[in-house]
Amino acid sequence: MDTHATNLPDSAEADAHAPGEVEHAHPTWSTYWKVALILTLITVAEVWLYYIPSFVAGRGFIPTLLVLSALKFTIVVMFYMHLKYDHRLFRVLFTGPLMIASLTLLALMFLFGHLYIKIM
C-alpha cells in the first residue's frame, strides 16, 4: 500500500512537494533579458565570422561555429528549458549523451580532415 498517496486532484498533486524538498527561485525578467542579449551577441559573432573571407577559407571556421552553436545550445537548455534548476540526475542524463555525441562528432571531423590539430 502506498503511504504517500494523497486525496488531492491530479493538478494539485503535481504542485505538491515532497517533505524537505526545496523549491528553487524562478528566474526574473532581468535574467531572461540578459540571457537573450548573450544569445544575440553570439549569433552576431557567428554571422560576422561568416563574412570574413580569410576566416571562412581557413580550417578553423567549422570548429569555431560548432563551439559557438554548442554554447548557445547549452545556454538555451540551461535557462529556457530550466535544466539548470532541475535535479542533478536530469542534468547528468542530458549532458552525458550530449558529450558522447560531441566527442564522436569531433573525432569524425578529425578523422576526415575537417579538424586539423598541429602537434609540435
Helices (runs of 4 or more DSSP H) enclosed by the range 1-103 - at least 1 residues per element that are acidic (Asp, Glu) and either closer than 30 Å to residue 113 by Cβ or modelled with pLDDT of 90 or more (or both) = 29-50
Quickly run through the range 104-119 and pick out the residues that are closer than 12 Å to residue 62 by Cα, of a type outside the set (Phe, Trp, Tyr), modelled with pLDDT under 80 and within 26 Å of the chain's Cα centre (by Cα).
-> 109, 114, 115
When the range 73-84 is examined, which residues are found to be exposed (fewer than 15 other Cβ atoms within 10 Å of the Cβ) and on the phi < 0 side of the Ramachandran plot?
-> 73, 74, 76, 80, 81, 84
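The values are calculated or read from the model by the stated rules, or taken from the named source; none is laboratory data. Quick caveat: nothing in here was measured; it's all calculated off a predicted structure. For neighbour counting, all protein chains shown are included, and Cβ atoms are generated from backbone atoms with ideal geometry for every residue, glycine included.
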